[in-house]
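Since the structure comes first, as structure tokens, the remarks are kept for the end.
What follows draws every value from the coordinates through simple rules; no lab data is involved. These figures come from a predicted structure and were not determined experimentally. Neighbour counts are summed over all protein chains in view; Cβ atoms, including those assigned to glycine, are modelled from backbone coordinates with ideal geometry.
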Amino acid sequence: MNYLGFSEAKVLETVGHLNQLLANYQVYYQNLRNYHWNVNGKHFFDLHIQFENLYNEAKVSIDEIAERILTLRMSPMSTLTEYLKSSQIKEKSTASPKEMVESILQNHKILIVNMRELLSVAADSDDEGTIDLVAGFLGSIEKKSWMLDAWLQE
Ligand SMILES: [Fe+2]
């Protein structure tokens with residue numbers, strides 16, 4: 001048992017999923033910055049600011065995930081090399097505004113699956129602190145997905 005009363009094996013499993021989420025979020029974050037900078041056309045003003053809102057939220061989530069791992073007395077993945085190697089979300093370069101929004105929705109799907117698996121693992125170890133943190137991210141990403149999906153409707 002560690003200082004929070006979790007078994008080593010349970011913590012290792014939870015942290016594996018948290019590090020996966022961290023790597024996914026880092027690449028997602030950079031995709032958003034890329035789109036914020038490179039979006040063009042008649043949707044520029046809308047999307048430029050929305051991508052900024054999304055990456056600012058992602059930045060906060062990234063820090064919270066890393067600090068949850070530290071709270072569990074483990075090491076967060078911390079280098080770009082590790083993130084790129086582990087991330088299920090891939091770097092995506094410039095595209096049309098529509099492709100950018102579709103790509104972010106696709107990134108959200110990966111984050112959502114990652115978070116649901118993590119919630120299930122955390123529930124197995126009665127890790128309410130992790131559940132509380134990740135459930136908040138999940139609800140927010142789902143709501144943002146609704147908005148992006150609405151934007152895509154003709
Ligand atoms: Fe900016």
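Length gain on complete extension for the stretch residue 45 to residue 64, per 0.36 nm per residue less the alpha carbon to alpha carbon distance?
Difference between extended and current length: 3.9 nm.
Relative contact order of the chain, please, whole-number percent, based on alpha carbon pairs below 8 angstrom and at least 6 residues apart.
30 percent
Measure up 10/85; 10/109; 59/144 against 21 Å on the Cα-Cα distance and list the ones that go over.
10/85; 10/109
Taking K and R as +1 and D and E as -1, what net charge do the other residues with C-beta under 14 Å from the C-beta of residue 60 add up to?
Net of charged neighbours comes to -2.
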